[in-house]
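S.K.: Below is a structure I'd like to ask you about.
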Amino acid sequence: MAEYVVFGRWYPQAGKEDELIAAFQPILTSARSQIDSIPCLYLLQEDKEGPENEILTITCYKNEEISKDFTKGNAFSSVKAKLEERSLLRAPPKFETPTLETGYTHRTTTDSSPDPFIVVGRILYEPGTAAEGVKHWSDVTSFVDENEKETFTYCFLNAGKDEESGKEVLLSFERYKDKEYFSEVHCKSEAIKTNIARQKDIRTPGGLSHRFWKQIGSSRLESIGGCNC
């Protein structure tokens, strides 16, 4: 399991989204050649229309030192230079390093869907209760790992405290074969039903939000864009 995860949020200029996506190819290629130390790098596009769309990179490293070396390397530096030279971003990128608490970032055998359904969740917990939430999610991740072979990624990360409310925050990163598998298999499982009941007193009411993404690149696959990713 990767020990250090980085969420990168990139904000494309209007009309330059495709050019921004293509610019990430050197980073994907470099990560692919270092799969033992960088198990996975996902390039995601928000599944909605509009000028406020984001590109999200989620990179999983064996440790923080590898992350530092990678972001100082030629591939990353050349991409940053290209983004500035061609004015591909409407705002500076933002990076977050939540702590991976439980679950898995990829599978080595069944991760084969050309168009996975991807969810990034944000869950608010009452102060002092996120650790208990992690224990419950650990039970769910064990069930998913064993019984949902077409749930390709399922992990929960501690993102600290919400700046406005002071609530504790867990993030989920989930990749499924397709939307139907998510809704009909995962969401209807006994593990999820039990988990909802166990956590009702520690989660902040109304504190669950989901954003949905399309996978447009992966260091674990051979190409970027189209149905091969």
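S.K.: Search the range 2-35 for residues being in contact (Cβ under 8 Å) with a residue 24 or more places away in the chain and among the acidic types (Asp, Glu), and hand back the single one that is nearest to Leu89 (Cα to Cα).
M.R.: Per the criteria, the residue is Glu17.
S.K.: I've got another one for you. Within the range 117-151, how many residues turn out to be among the aromatic types (Phe, Trp, Tyr), open to solvent by less than 50 Å² (accessible area, probe 1.4 Å) and either assigned to a helix (DSSP H, G or I) or touching a Leu at 6+ places or on another chain (Cβ under 6 Å) (or both)?
M.R.: 1
S.K.: Out of (1) over 27 Å from Lys48 (Cα atoms); (2) touching a residue at least 12 places away in the same chain (Cβ under 8 Å); (3) open to solvent by 30 Å² or more (accessible area, probe 1.4 Å), the odd one out for Ile202 is which?
M.R.: Looking at each condition in turn, Ile202 falls short on (3).
S.K.: Considering only residues that are β-branched (Val, Ile, Thr) and either assigned to a helix (DSSP H, G or I) or touching a helix residue (DSSP H, G or I) at 6+ places or on another chain (Cβ under 9 Å) (or both), which ones fall in the range 6-48?
M.R.: Val6, Ile21, Ile27, Thr29, Ile38
S.K.: On to the next question. Inside the range 44-85, can you point out the residues that are in contact with an Asp or Glu (Cβ under 7 Å, 6 or more places away or on another chain) and surrounded by fewer than 14 Cβ atoms within 10 Å (Cβ to Cβ)?
M.R.: Result: Asn63, single match.
The values are calculated or read from the model by the stated rules, or taken from the named source; none is laboratory data. Keep in mind the model is a prediction, meaning the values are calculated, not measured. In this analysis, Cβ positions are derived from the backbone assuming ideal geometry, glycine residues included, and neighbour counts consider all displayed protein chains. Please note that ligands, DNA and RNA were not included when accessible areas were found on the heavy atoms of the full protein model with its side chains. Shrake-Rupley method; radii C 1.70, N 1.55, O 1.52, S 1.80 Å.
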